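First the structure, in the form of C-alpha cells, and then the observations on it.
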Amino acid sequence: MDSGSIYLFHKLAPLLQKAEYGGYTTPAMQASDLKGILGKLGQNEDLLQESILIGCSESHVTQFALDLGVLEKESVESQVTGKFVELRKAFFLLNGHDLPLISQSQALLRWHQTHRYCSESGQLTQRNQAGSKRLCHANGAIYYPQMAPVVITLVSDGSRCLLARQASFAKGMYSALAGFCDVGETVEETVHREVAEEVGLEVESLWYTGSQHWPFPNSSLMMACHATVNPGQTQISVNSVELEDARWFSAGEVREALERKRPPRERAGRATPVWVPPRTAIANQLIREWANQQPK
C-alpha cells in the first residue's frame, strides 16, 4: 500500500486525539507516515496489507482501517500522539461526523477477526484484497459481512413516553426499548412483540422514523420507530430478565434528561439524575423527536 488514509485501532478500540477546540477527533494516518512508524517499532510494513477498504472521502482520498492489536498499545500510542479508546466511550467523546466511519471500520475489523474459518469445511478462509468478503478455497464458499436487524421503539401514551434501562447501562441512563428481529418477522411484528415482552403493553399504532448502523454488540442495523398505546391501558409489567427498570416520563422530565450532555457525576446520598444516550445514538433522535412534539 503506497497511498490513502488509514484509521487505526488496537484490539478494536479506535485511536483518538484531542482536538484544538477541546473535543476529540479520529486522526487519519497517511500510508507513508505509518510505514515509518512501523519501522520505528521494529515491524515490517507488510502489516499494512491487513488494512481493509472503508470508502472514499469527499476529497477523493481512499480510506482504510487497520487494527494494530499485535503490537504493544503504549508503544503505538507514543508514536502517533493519541490514545486508543474503547468504542462505547468514544461515542461520548466524538462528534456525529466521525462516528459513522469509525463504527463501520470497527464492525468490519471485528467481522474479519471472528469469521476466519469456513462453517462448512472448517478450513481457514482468505479475505479479498479490499476486505469486503472472505473465500473458502476448499469448497468455494463466499462469506460477506452481515448486520443483525434490530428495532428500537419509543412508546408513548400521548402525554408521556416510556423509557427503560438494562442492568448493564451506566447509572441513571434510560433509553427506548430495543430488540432483535426474529427470523421471518417484519419490523411491525417485532415492535409489537418486543413491547409486549419487555413491558407488557399492547401497541396500537406505530411508524418508522429512521435507521442507524450500531456496532454493538457486534454489528446491527437499528430501525427506529415511534409507537403508541391506549392511554387507558398503561400499567407496566417489567420483564426483569431483560430490564432493570422501565417507567413513564413526562415531557418536562424528558427535556431535563436531554439537557444533560454527559453522564452526571454521582453524589453520595443522592439519586443519580436520569440521562439519555448521546446525540450520536438514534435513541436520542427518537426521544428528541417526541419531546419536540409535546406542548411546552
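Of all residues in the stretch 153-185 being part of a strand (DSSP E or B) and of a type in the set (Ser, Thr, Tyr), which is farthest from Arg110 (Cα to Cα)? Spell out how you get there, then give the answer.
In the first step, residues of the stretch 153-185 are kept if they are part of a strand (DSSP E or B); the result is 153-156, 160-165, 173, 175, 177-180.
Still in the list and also of a type in the set (Ser, Thr, Tyr): 153, 156, 175.
Values: Thr153: 27, Ser156: 36, Ser175: 26 Å.
This residue is Ser156.
For His192, all conditions in the list (1) part of a loop (DSSP other than H, G, I, E, B); (2) within 17 Å of Met223 (Cα to Cα) hold save one; what is the number of the exception?
Tallying (1) part of a loop (DSSP other than H, G, I, E, B); (2) within 17 Å of Met223 (Cα to Cα), His192 fails exactly one: (1).
Kindly establish whether Leu135 is over 20 Å from Leu48 (Cα atoms), of a type in the set (A, V, I, L, M) and surrounded by fewer than 15 Cβ atoms within 10 Å (Cβ to Cβ).
no
Taking interchain pairs and intrachain pairs at least six residues apart, which have beta carbon atoms under 9 angstrom, with the first residue in the stretch 241-261 and closer than 24 Å to Ser168 by Cβ and the second open to solvent by 40 Å² or more (accessible area, probe 1.4 Å) and of a type in the set (Val, Ile, Thr)?
Hits for this filter: Glu244/Val238; Asp245/Val238; Ala246/Val238; Arg247/Val238.
With respect to the numbered conditions (1) touching a strand residue (DSSP E or B) at 6+ places or on another chain (Cβ under 8 Å); (2) modelled with pLDDT of 95 or more; (3) open to solvent by 10 Å² or more (accessible area, probe 1.4 Å), which one is the sole condition not fulfilled by Thr125?
Every condition holds for Thr125 apart from (3).
Among what's in the stretch 138-152 and is part of a loop (DSSP other than H, G, I, E, B) and over 21 Å from Leu109 (Cβ atoms), pick the residue that is least open to solvent (accessible area, probe 1.4 Å). I'd like the intermediate steps shown before the answer.
Initially, the stretch 138-152 is screened for residues part of a loop (DSSP other than H, G, I, E, B), giving 138-141, 144-147.
Now drop any that are not over 21 Å from Leu109 (Cβ atoms), which leaves 138-141.
On the way: Ala138: 72, Asn139: 69, Gly140: 46, Ala141: 19 Å².
By that ranking, first place goes to Ala141.
For the stretch 108-132, name all the residues that are aromatic (Phe, Trp, Tyr) and closer than 13 Å to Ile52 by Cβ.
So the first thing to find is which residues in the stretch 108-132 are aromatic (Phe, Trp, Tyr), and the list is 111, 117.
The one that is aromatic (Phe, Trp, Tyr) and closer than 13 Å to Ile52 by Cβ: Trp111.
What number of residues within the stretch 223-277 satisfy the criterion of being under 24 Å from Asn292 (Cα atoms) and in a strand (DSSP E or B)?
13
Given the condition open to solvent by 40 Å² or more (accessible area, probe 1.4 Å) and either modelled with pLDDT under 95 or closer than 25 Å to Glu259 by Cβ (or both), answer yes or no: does some residue in the stretch 192-209 qualify? Before the answer, list the steps.
At the first step, the residues of the stretch 192-209 found to be open to solvent by 40 Å² or more (accessible area, probe 1.4 Å) are 192-193, 196-197, 200, 202, 204-209.
Filter again for either modelled with pLDDT under 95 or closer than 25 Å to Glu259 by Cβ (or both), leaving 209.
Yes - at least one qualifying residue is present in the stretch 192-209.
Could you check, for the stretch 247-267, whether at least one of its residues is polar (S, T, N, Q), under 30 Å from Leu94 (Cα atoms) and surrounded by fewer than 14 Cβ atoms within 10 Å (Cβ to Cβ)?
Going residue by residue through the stretch 247-267, those that are polar (S, T, N, Q) are 250.
If we keep only those that are under 30 Å from Leu94 (Cα atoms) too, we end up with 250.
Among the residues that remain, those that are also surrounded by fewer than 14 Cβ atoms within 10 Å (Cβ to Cβ) are: 250.
Yes, the stretch 247-267 contains at least one residue that is polar (S, T, N, Q), under 30 Å from Leu94 (Cα atoms) and surrounded by fewer than 14 Cβ atoms within 10 Å (Cβ to Cβ).
The values are calculated or read from the model by the stated rules, or taken from the named source; none is laboratory data. Worth saying up front: this structure is predicted, and the values here are computed from it rather than measured. Here the Cβ is made from the backbone with ideal geometry for all residues, glycine too, and neighbour counts use every protein chain on show. Calculation scope for accessible area: heavy atoms of the full protein, side chains included, ligands and nucleic acids excluded. Shrake-Rupley method; radii C 1.70, N 1.55, O 1.52, S 1.80 Å.
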